[in-house]
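Since the structure comes first, as structure tokens, the remarks are kept for the end.
The values are calculated or read from the model by the stated rules, or taken from the named source; none is laboratory data. Being a predicted model, the structure only gives us computed values, none of them experimental. Cβ placement follows ideal geometry from the backbone for every residue including glycine, while neighbour counts extend to all protein chains displayed. Just the protein is used for accessible areas: all its heavy atoms, side chains included, with ligands, DNA and RNA removed. Shrake-Rupley method; radii C 1.70, N 1.55, O 1.52, S 1.80 Å.
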Amino acid sequence: MSDVKTEQSKPPEIKTEPKPSDLKPAEKKSKIVSCGLDIGTMNIVCARSDSDEIKIMRNVFLELNPDEISISDLSDISYIENEGHIFIIGNDAFRLANIFGKELSRPMEKGLISSKEINAIDVLTVMIQTLLGDIKDKEVYVSYSIPSESVDESRSVTCHEKVFGRVLSTLGVNYKPINEAMAIVYSECAQEKFSGVGLSFGAGMCNVCCAYKGIETFKFS
């Protein structure tokens, strides 16, 4: 009888997807987070796609002399220290201004960043960073509000837009400006295919935008 050789069948290979812990750091995907940032004269408001919380901070700051208050007294107070000066920010600044009988500084005036406050940009950077929260290892996209050109003021919106673009750039996020009245159309007129009139009444100015199917036909403040 002749020997018959048979090939033993190999067991099928079972492919498994690598676990997140097995991935190299370069292979780990960043979590995408979208943020809406409304920069107003009175308040700065921030919402994130990964949270139901809407954060609000009063858009004011208070400069204090280190001789008046020590850093150890500020454990539960929002502040920044810059070149020997202490700046209390947000709601804490509003409360301490009443305690010390001092006048608040406002980074913005009539809807635009103020040219009177030399520390406005540094303070606003910290305030926005605080509102955005934890963005480490995340791919963040921020849409921030800007007003329209005013019909009764000569100040340009372009400088205001560029300043906040630079602030967000230093924080390492992707950013895109959006007219604040048009943002209302996007929010409320989906059933009308984003056609409508958006009105935004802020502490600094009033914004108007008329849109047809997502296209801004005219806008002003």
Find the residue count for the range 142-152, including only residues that are exposed (fewer than 15 other Cβ atoms within 10 Å of the Cβ) and touching a residue at least 40 places away in the same chain (Cβ under 8 Å). 2
For the range 198-209, what are the residues that are within 20 Å of SER143 (Cβ to Cβ) and surrounded by 15 or more Cβ atoms within 10 Å (Cβ to Cβ)? GLY198, SER200, GLY202, GLY204, MET205, ASN207, VAL208, CYS209
Residue within the range 173-190 that is small (Gly, Ala, Ser), on the phi > 0 side of the Ramachandran plot and modelled with pLDDT under 95 present: no
Return the pair list, or none, for Cβ contacts closer than 9 Å from residues in the range 209-221 that are without any contact (Cβ under 8 Å) to a residue 12 or more places away in the chain to residues that are open to solvent by less than 30 Å² (accessible area, probe 1.4 Å) and not in a loop (DSSP other than H, G, I, E, B), at least 6 apart or on different chains. THR217/CYS209; THR217/ALA211; PHE218/VAL208; PHE218/CYS209
For the range 84-104, pairs from a residue that is on the phi > 0 side of the Ramachandran plot to a residue that is crowded, with 18+ Cβ neighbours inside 10 Å and not β-branched (Val, Ile, Thr), with Cβ under 7 Å and 6 or more apart or across chains, are GLY90/MET57; GLY90/ARG58; GLY90/MET127
So if I check each of SER30, SER72, which one is open to solvent by less than 100 Å² (accessible area, probe 1.4 Å), farther than 29 Å from SER143 by Cβ and at pLDDT 50 or above? SER72
Scan the range 172-196 for residues that are surrounded by 15 or more Cβ atoms within 10 Å (Cβ to Cβ) and of a type in the set (A, V, I, L, M) and jot them down. VAL173, ILE178, ALA181, MET182, ALA183, ILE184, VAL185
